[in-house]
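Here the structure is laid out as structure tokens; the discussion comes afterwards.
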Amino acid sequence: MNKVIVDAMGGDYAPLEVVLGASLARKEFGIDSILVGKKDKIRKILDEVGEDFEVVDARDMVTMEDKPVHAFRKKKNSSINVSMNLLKEKKGCAVVSAGNTGAVLTSSYFILGKIEGVVRPTQSAIIPTLSGFLVLVDAGANVDAKSSNLVEWAKMGKVFSKLVSGKEKIKIGLLNIGEEEEKGNDVTKEAYRLLKDAFPSEFEGNMEGKDFLTGKFDLCVADGFTGNIALKTLEGEASLFLNIIRGIFKKNIITNISWLLVGKEFKREFSKFDYEVYGGSPILGIDGVVIVAHGRSKRKAVKNAIKMAKELSDKGLIEKLRNEISH
């Protein structure tokens with residue numbers, strides 16, 4: 001039950017980087033894993049690196065192009081489905097997957113089910129900021145949303161944010177087109193009133209796109225359509241900015257010398273925005289700890305996703321969510 005179940009076939013660099021990430025998690029954190037996927041491929045990598053993990057065979061492959069419901073129904077023996085079934089059977093404490101996010105959401109929904117009282121589970125995301133991190137809900141699981149959904153996601157996001165940050169009190173923001181209470185559409189206007197009533201000491205009002213990285217908020221609440229666009233925009237801008245900086249310092253010998261002087265400091269500052277530090281983020285509202293990692297995850301990200309999965313399980317995420325929703 002203490003092992004983390006890892007979808008070894010999920011992600012752009014699977015199974016090699018996933019297996020190596022599990023190896024690092026064992027060496028650095030003492031966390032053991034069950035690797036799920038094509039046994040022959042996984043065993044070959046384990047033999048090459050001199051490691052031995054429990055491996056559960058899963059012959060079907062879910063690609064990034066597969067439609068989620070089709071993948072769930074037609075590929076019953078996929079590494080995603082087998083992983084969820086293992087968690088349901090309590091063979092491990094959590095699942096980690098860098099595979100097709102929609103397929104992971106669908107499989108977890110149908111196999112694990114929802115926490116009692118939850119209307120719609122939400123995909124969270126961790127966004128690094130200048131002063132730590134911000135939790136975003138919803139990050140893309142629910143394209144459309146009612147105002148009551150936003151309040152439910154805020155409740156679950158608050159539990160997750162407090163568990164990870166250790167804060168007793170967090171600052172909650174509603175993603176909108178302006179800071180004023182009357183801004184937005186009918187859903188956000190109603191959500192503003194509901195959030196204000198539900199979190200009288202923690203709801204800070206509307207937040208704009210410019211507020212994501214400042215550290216002003218700990219939790220951002222949005223519908224999945226808006227939230228996912230914001231998340232992908234931030235990822236793209238961070239990559240673009242980093243490439244621009246690298247290009248500047250590679251222009252000539254003088255800029256190369258300058259990099260020798262300031263490069264270390266640049267790397268230290270940019271490390272604050274490294275998604276691999278967190279590894280992944282949970283689906284909230286599902287009756288089990290399921291961590292969705294980035295599709296481009298390499299060993300460092302996988303290692304940290306496994307660490308997060310184990311910590312959230314040990315800290316009783318599901319039970320705390322049950323208590324929050326029941327209230």
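Under 8 Å for C-alpha pairs, at least 6 residues apart: give me the relative contact order for the chain, rounded to a whole percent.
On the way: 659 pairs, mean separation 80.0, N = 327.
That works out to 24 percent.
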Point to revise | GNM top mover of Ser83, Ser258, Ser124 - the chain, alpha-carbon springs below 10 Å | key: Ser258
Review point. Exposure proxy check: Asp57, Asp138, Asp211 ranked by fewest other beta carbons within 10 Å?
Key: Asp57, Asp211, Asp138
Check your understanding: Amide H of Ala94: which non-local residues (sequence gap of 5 or more, or other chain) have their own amide H closer than 5 Å, using H built in the peptide plane?
Key -> Ile5
Review point. From a point 7 Å beyond the Cα of Asp197 in the direction of its Cβ, which residues of region 155-179 have a backbone N at a distance under 13 Å?
Key: none
Exercise for review: Mind listing the long-range amide H neighbours of Met207? Cut-off is under 5 Å, sequence gap 5 or more, other chains count too, H placed in the peptide plane at 1.01 Å from N.
Suggested key: Leu174, Leu175, Asn176
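Take the Cβ-Cβ distance between Leu260 and Phe29 as r, set R0 to 35 Å, and report the resulting FRET efficiency rounded to the nearest 0.05.
Details: r = 34 Å, r/R0 = 0.98.
It comes out at approximately 0.55.
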Exercise for review: Please arrange Lys91, Lys169, Lys310 by counting, for each residue, the other beta carbons lying within 10 Å of its beta carbon, fewest first.
Suggested key: Lys169, Lys91, Lys310
Check your understanding: Tell me, what is the FRET efficiency for Glu48 and Val277 to the nearest 0.05, using R0 = 22 angstrom and their Cβ-Cβ distance as r?
Key -> 0.20
Practice item. Would you indicate which of [x] 24.4; [y] 17.9; [z] 19.3 is the value of mean projected area of the Cα convex hull in nm² derived from the coordinates of this structure? Key: [y]
Point to revise | Non-local Lys pairs in region 193-302, i.e. 8 or more apart or on different chains, that have alpha carbons under 21 Å apart | key: 18
Practice item. Would you mind ranking Asp218, Asp12 by Cβ crowding within 10 Å, fewest neighbours first? Key: Asp12, Asp218
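Summing -39500 (n - 2.57) over the DSSP H runs of n ≥ 4 in the chain and dividing by its residue number, what mean residue ellipticity at 222 nm do you reach, to the nearest 500 deg cm²/dmol?
-15500 deg cm²/dmol
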**Study point:** Residue-by-residue Karplus 3J(HN,Hα) for region 150-156, coefficients 6.51, -1.76, 1.60, Hz, glycine and proline x
**Key:** 4, 5, 4, 5, 5, 4, 6
Practice item. Just subtract the alpha-carbon distance of Val119 and Asn2 from 0.36 nm times their residue separation and send over the number in nm, one decimal. Key: 39.2 nm
Review point. For labels at Lys39 and Arg268 in the simple 7 Å Cα→Cβ model, what's the distance in nm?
Key: 5.0
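Taken together, the values in this text are just the output of simple stated rules run on the coordinates, not laboratory data. What you are looking at is a predicted structure, and each value in this text was computed from that prediction instead of being measured. Heads up, the Cβs are rebuilt from the backbone with ideal geometry, glycines too, and the neighbour counts pull from every protein chain shown.
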